[in-house]
1. If each of Val6 and Gln157 carries a label point 7 Å out from its Cα toward its Cβ, how far apart are those two points in nm?
2. Kindly list the residues of region 59-102 that lie in the label zone of Arg22, defined by a backbone N under 20 Å from the point 7 Å along the Cα-to-C-beta vector.
3. List the aspartates and glutamates whose alpha-carbon lies under 14 Å from that of Lys155, not counting same-chain residues fewer than 8 positions away?
4. Cβ neighbours within 10 Å, averaged per peptide: list 88-97, 109-118 in order, most packed at the top.
5. Would you mind checking the tilt of helix 93-102 against the longest principal axis of the Cα atoms of the chain, expressed as 0 to 90 degrees and rounded to 10?
6. If you take the square roots of the eigenvalues of the alpha-carbon gyration tensor of region 99-156 and sort them as a ≥ b ≥ c, do you get rounded (a/c under 1.5), prolate (a/b over b/c) or oblate?
7. Using every pair of alpha-carbon atoms in region 1-59, split the distances into 5 Å bins beginning at 0 and state the percent of pairs per bin, rounded to integers.
8. With labels modelled as points extended 7 Å from the Cα through the Cβ direction, what inter-label distance (nm, one decimal) is found for Arg64 paired with Arg37?
Amino acid sequence: MSNLRVPEMTKEERRQYTQLLRTHPEQYLRIAEETIRKYPDDISGHTDCADYYIEMEQYDEALRHLDEVLALDPQDPIIPFERATVLRRAGRYCEALQAFDDFKEGEREFGDILYANRATCHAQLGNLEEALAECAKIADDYNLPSIYGEFGGRKAQIIDAVRRVAGAVRKD
């Protein structure tokens, strides 16, 4: 394993680079892939590739890069959560729920957003009771827009979305 690490970007450089993902995604990907070639033991290129593939809705590729990050840095506290959200976004709700369960730091580190993600998965599977049980764990003052594609808003809005989605799934 090499000790070479990606040089740290300034805030402005990071902002400009991140903006490329929205404005010139192929250029963003080329930079990320070049980072992997130059710094194979640094997680930066893989996390950037994962971000690109998430944005392009190519979830299997995103998961492959997130798995590379975990292989390089098994202690990374955020990647298991991000991996679970990618599974949820891919519509692989049972796998996502298992990944959220396996995420040891989940409740302590992510709390309400973890419960919102789990509620979203259960609702998409038509499991209303399980989804509502997750909603019950969300703080009453929670009010966060959807960040990872989970149900967002105030707790009452999440509960409404859960009931609507789980009910629609059950009817199908």
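1. Here the modelled spin labels are 3.2 nm apart.
2. Zone members listed by number: none at all.
3. Leaving aside aspartates and glutamates fewer than 8 places away in the same chain, those within reach of Lys155 are Asp112, Glu134, Asp140, Asp141.
4. Working: 88-97: 18.0, 109-118: 21.1.
Ranked by mean Cβ neighbours within 10 Å, highest first: 109-118, 88-97.
5. Taking Cα atoms only, the helix is inclined about 70 degrees.
6. Numbers: a/c = 1.40, a/b = 1.01, b/c = 1.38.
Note, shape of region 99-156 comes out rounded.
7. Calculated over all Cα pairs of region 1-59, the distribution is 4, 20, 27, 27, 15, 6, 1 percent.
8. My value for the distance between the label points is 1.7 nm.
No value in this document is a laboratory result; all are computed from the given coordinates. Model, not experiment: these values are computed from the prediction. Counting neighbours? That spans all protein chains shown, and the Cβs are built from the backbone with ideal geometry, glycine included.
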